[in-house]
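Participant: Would you mind keeping the following structure in view while I ask a few things?
Bear in mind that the values in this text are calculations on the coordinates, not laboratory data. Predicted model only: the values in this text are computed from it and were never measured. Cβ placement follows ideal geometry from the backbone for every residue including glycine, while neighbour counts extend to all protein chains displayed.
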2 protein chains.
Amino acid sequence: MEINQDTHYMKQAIAEARKAYDLGEVPVGAVVVCNGRIIARCHNLTETLNDVTAHAEMQAITAAASHIGGKYLNDCTLYVSVEPCPMCAGAIGWAQLGRLVYGADDEKRGYRRLAPDVLHPKTEVLSGVCAEEAAELMKSFFKGKR
Amino acid sequence: MEINQDTHYMKQAIAEARKAYDLGEVPVGAVVVCNGRIIARCHNLTETLNDVTAHAEMQAITAAASHIGGKYLNDCTLYVSVEPCPMCAGAIGWAQLGRLVYGADDEKRGYRRLAPDVLHPKTEVLSGVCAEEAAELMKSFFKGKR
């Protein structure tokens, strides 16, 4: 059975999220794909780095831009396990990302509720890819914290 | 004539903005003050670093957290020459900043229009400090770019 390409890359993002989980970090992971190749793999490191800006997506945008040698990511797809927050969506907007694919919704802190117009108008968005797996990881993490 | 403390620190943020201007960067500068001391001074470096996340405020938040040794900035005031964008306001929200003071409004790309609920509810906000000077610097920069 052939696996869908978006599912394939999302599984990689979720693998990154698991690394965050194992570090005691909120389990969010991201990869950036450009021309069929993964050019950045990152996971949330806010606790490890003592830095609220160290979300998976922020690191992935910085790493991808560094790899490309330019700050615009029009030809890239960012896969992230959970819906980006307004900070990350703002960065995605500035980067003029070509395509955003995310897994689980974040009803409370996601950009769709708090900053719905912050993405670049040309950025395609697909949500819900491997959503259950990504959400389960988050649920398990916060359950363990209580 | 005594200079107001907020004006004093905003002048420092504008001095940072002038450094950005001289580098050909959009002229936005920021300082973070904690217990009466400046613990971070930064200016926009998006072009120099090829990184959309390198706004003055983002760097200032990272630097201040590193200085403090913790990611929350409840006891800090961030002075920034121009109204933060949603990305920066999102970071300010995650950091639970104590107080935000900014200069010029950014009607088009500012957080008040695009992400009005993204700051932490306890963050005090003061705007309009040295607004004319900060706005003039921006105007002059974009005029030079045309």
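Participant: Add -39500 (n - 2.57) for each DSSP H run of 4 or more in the protein assembly as shown, then divide by its residues: what number comes out at 222 nm, to the nearest 500 deg cm²/dmol?
Facilitator: -13000 deg cm²/dmol
Participant: Measuring label to label, 7 Å along Cα→Cβ, what does B:Glu133 give against each other copy in nm, shortest first?
Facilitator: 5.5
Participant: OK, next. Looking at region B:50-114, which chymotrypsin sites (Phe, Trp or Tyr not before Pro) are DSSP coil and have at most 16 other C-beta atoms within 10 Å of their C-beta?
Facilitator: Listed in order of number, the matching sites are B:Tyr72.
Participant: Could I ask something else about it? Can you list the copy-to-copy distances for B:Pro121, using a point 7 angstrom from Cα toward Cβ, in nanometres, shortest first?
Facilitator: For B:Pro121, the inter-copy label distances come out at 3.6 nm.
Participant: Something else now. Under a plain spin-label model, where a point goes 7 Å from the Cα along Cα-to-Cβ, how far apart in nm are B:Lys108 and B:Glu47?
Facilitator: Taking the two extended label points, one gets 1.6 nm.
Participant: Just checking the output field for B:8-20: average partner chain Cβ neighbours within 10 Å of each residue's Cβ?
Facilitator: Mean partner shielding for this stretch: 0.
Participant: Now for a different question. Given the options A:Asn44, A:Asn74, A:Asn35, which has the most mean-square fluctuation in a GNM of chain A, springs set between C-alpha atoms less than 10 angstrom apart?
Facilitator: The residue that fluctuates most here is A:Asn35.
Participant: Pairs of lysines 8 or more apart, or on different chains, with alpha carbons under 30 Å: count those in chain A, would you?
Facilitator: Summing the qualifying lysine pairs gives 18.
Participant: A further question follows. Which whole-angstrom value gives the distance between the alpha carbon centres of region A:14-52 and region B:74-89?
Facilitator: Comparing the Cα centres of region A:14-52 and region B:74-89, I get a distance of 26 Å.
Participant: Right, next: How would you rank A:Thr77, B:Thr62, A:Thr48, going from fewest to most other Cβ atoms within 10 Å of each one's own Cβ?
Facilitator: Arranged by neighbour count, lowest to highest, A:Thr77, B:Thr62, A:Thr48 become A:Thr48, A:Thr77, B:Thr62.
Participant: Which listed residue (A:Gln59, A:Gln96, A:Thr123) has the Cα farthest towards the positive end of the charge dipole for region A:50-146, taking +1 on Lys and Arg C-beta and -1 on Asp and Glu C-beta about the Cα centre?
Facilitator: Result: A:Gln59.
Participant: Note the distances from A:Thr48 to each other copy's matching label point, with points 7 Å along the Cα-to-beta-carbon direction, in nm, sorted shortest first.
Facilitator: From this label point to the equivalent ones elsewhere in the assembly: 2.8 nm.
Participant: OK, next. Tell me which B residue has its C-beta closest to the axis rotating B onto A, and the distance in Å?
Facilitator: Chain B residue with minimal Cβ-axis distance: B:Ala115, 2.
Participant: Take peptide B:113-123, look around each residue's Cβ out to 10 angstrom, count Cβ atoms belonging to other protein chains, and average those counts.
Facilitator: 3
Participant: In 10 Å bins starting at 0, how do the alpha-carbon pair distances of region B:1-117 split up by percent?
Facilitator: Pairs per bin, as whole percents: 15, 49, 32, 4, 0.
Participant: Given R₀ = 22 Å, what would the calculated FRET efficiency be for B:Asn4 paired with B:Arg37, taking r from the Cβ atoms and rounding to 0.05?
Facilitator: My answer for the efficiency is 0.80.
Participant: So, one more: Quick one: putting +1 on the C-beta of Lys and Arg, -1 on the C-beta of Asp and Glu, what dipole do you get for chain A around its Cα centre, in Debye to the nearest 20?
Facilitator: The dipole of chain A has a size of about 200 debye.
Participant: Name the most mobile residue of A:Glu107, A:Glu57, A:Glu132, meaning the one with the largest mean-square fluctuation, in a Gaussian network model of chain A with Cα contacts below 10 Å.
Facilitator: With Cα springs under 10 Å in chain A, the top fluctuation among A:Glu107, A:Glu57, A:Glu132 is at A:Glu107.
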